[in-house]
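Notes to accompany the following structure.
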Amino acid sequence: MTGRAKIVLVALDAADMGILQRCVDQGQAPVIGRLLAEGALGNLDSLGRWLPGSVWPSFFTSSPPSDTGFHHYLQWSPQTMTMRRPDPRQPGEPFWRRIADEGGRVIAIDMPFASAPSTGIELTGWATLDSLEPPRSHPSSLLTDITARHGGSPRVAEMHALQSMDALRKLRDEQVEIAGMLAEISEHLLQRETVDLFAITFPGLHRGGHWLWDETGLLTPPTAAEQRELEAALPAVYAATDQALGRVLDAAQPDEVILFSLHGMGPNTSRVEVLDAMLDRVLGEESQNVSPLSTMQRIRHALPPRLRHRVKDSLPTSLQDRLTGFWRTGGRDWQKTPALTQVADLTGYIRLNRKGRENQGMLTAAQADEITQRIVEGLASFADADTGEPVVRQTARVEDVVPPGPNRDRLPDLMVDWNDTPAARHRAIVSPRFGTIDWPTPGCHPSGRSGNHRAGGFYLVSGSGTTPGSAPSGNIVDLAPTILARLGAAVPDEMRGRALLGGGIR
Ligand SMILES: [Zn+2]
């Protein structure tokens, strides 16, 4: 007997619609092409523009980041005045576990930031890097079984530094292989189970998007042949994902398929690598005794990234986190630190050192307002040294863009949204008041990540009860209620989204 699924929910994590469409047009993604032709496509808004790391928990709990408090794998702890890895349960309980708890049959494979499962059939943290824990499963025999058939988890840590062409080839091949492994795991599970919901995330478009976007992550300029190879690398990961998706759908024979992505991908616009220096200049002007760049940070900046990575990579995760935090905050005089940057990948995050909230806070409410004003204006004064184009699009206060919620205090106070141009183009940035800051790697992105996120996601519904065309626009918090409604399940009151489509698929 073979099993099947009522709904198959597939995350094409951080997919870029432009590349997807090109792959479809060139025949590299026939499965997605068919779903696009037969299905209804809708846009999904989110707070990902401000807090790109918040989207997964927002999606699976149907609540904004001010409820979950989750926005990055390392977050500021006002008690210890360091960056800490959040409790793995902080992102909240995913909605599919509710279905399983209420007697529904659910298989969930590798959904990012989902905590260790204790219900249904579920695998977490296996190929996705977006996990606060090592791989886990329910039942626990599932992980044992998968490890026996596929070997250990294929997760490979990222090294934030310019890459060799060989390293990028390896990354491409790993992601192609992971897509196939996930298809095999799915086929194996679906042979034995009939389920209401089969949910899976393909991580390759996300990982590949960051590292294979273009040549600006390379250590040395590519040859013409290497350039062509690199241009074909990301589409190859998309094609492998399409093929794996086809295998999942063949095995599941679903009544309905929902593909989705919570945000997109584009050229890397992040300038977080120079935000410390920018903030240093802005804060340093008024008071001579303020030294935001601590001794530890100066040492960190002086070490080659490769060496830093090698030292860090040899340590257990908890020590790695502590080291990352220590480089940033170790040795600071907190009574002379009004504000500091937080660990971030795209949007710049700034925390104010507020009295009463931070353990060693120094700013009164009035001083915090005054410093905020100075930071917002100061950061806005920086522009590209050659084109004169501003570096910052907007610096927002958290209370101006994120709705109130019990955990809004865990989010950064200020969020820096960068101009929508590739950061790799800078030679230097300059402010009439604060002078010139050299871009560390002109023509390249110092993180080695040539791609980074774009706000805006989508969902695509295809099945017996849907008509081709456009689906209603919504927010990522609407997806969970939508899926619950499609399965004929009640939408809990605490969910902040609403069902975008009617209930009960036929
Ligand atoms: Zn990402």
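What segment 94-181 shows is 38 Å² of accessible area per residue, with the surface traced by a 1.4 Å probe over protein heavy atoms. Overall, the accessible surface of the chain at a probe of 1.4 angstrom is composed of carbon and sulfur to the extent of 50 percent. Here the Karplus curve 6.51 cos²θ - 1.76 cosθ + 1.60, taken at θ = phi - 60°, turns the phi angles of segment 388-398 into couplings of x, 6, x, 7, 9, 7, 6, 10, 10, 7, 4 Hz, with x standing for Gly and Pro. Of the beta bridges in the chain, as assigned by DSSP with both residues counted there, near 60 percent are antiparallel. In order along segment 27-43, the phi-based Karplus estimate (6.51 cos²θ - 1.76 cosθ + 1.60, θ = phi - 60°) of 3J(HN,Hα) comes to x, 8, 9, x, 5, 5, x, 5, 5, 5, 6, 8, x, 10, 10, x, 8 Hz; Gly and Pro are listed as x. With contacts taken as Cα pairs under 8 Å and at least 6 residues apart, the chain reaches a relative contact order of 27 percent. With both labels modelled 7 Å from their Cα along Cα-to-Cβ, the SER473 to ARG408 distance reads 2.4 nm.
Per-residue extension of 0.36 nm, minus the Cα-Cα distance of LYS355 and THR119, leaves a gain of 80.7 nm for this segment. Entry note: the chain has Rg to Rh equal to 0.97, where both radii use alpha-carbon atoms and Rh is the Kirkwood radius.
Shown here for segment 42-123: chymotrypsin sites (Phe, Trp or Tyr not before Pro) in loop regions (DSSP other than H, G, I, E, B) with at most 12 other Cβ atoms within 10 Å, of which there are none.
For segment 357-492, what's the relative contact order in percent, using C-alpha pairs closer than 8 Å and at least 6 residues apart? Here the relative contact order equals 16 percent. Simple spin-label estimate for ARG169 and GLU133 gives 3.9 nm between the two label positions (7 Å along the Cα-to-Cβ direction from each Cα). Model label points for ARG374 and HIS160, set 7 angstrom from Cα along the Cα-to-Cβ axis, are 2.6 nm apart. Gain on full extension, evaluated as 0.36 nm per residue between ASP25 and ASN43 minus their Cα-Cα distance, stands at 4.4 nm.
The Cα atoms of segment 334-434 define a convex hull whose projected area, averaged across directions, is 7.4 nm².
The values are calculated or read from the model by the stated rules, or taken from the named source; none is laboratory data. These numbers were taken from a predicted model, which means no experiment stands behind them. Don't worry about glycine lacking a Cβ; one is built from the backbone with ideal geometry, like all the others, and counts go over all protein chains shown. Keep in mind that these areas ignore ligands, DNA and RNA; they rest on the heavy atoms of the full protein, side chains included. Shrake-Rupley method; radii C 1.70, N 1.55, O 1.52, S 1.80 Å.
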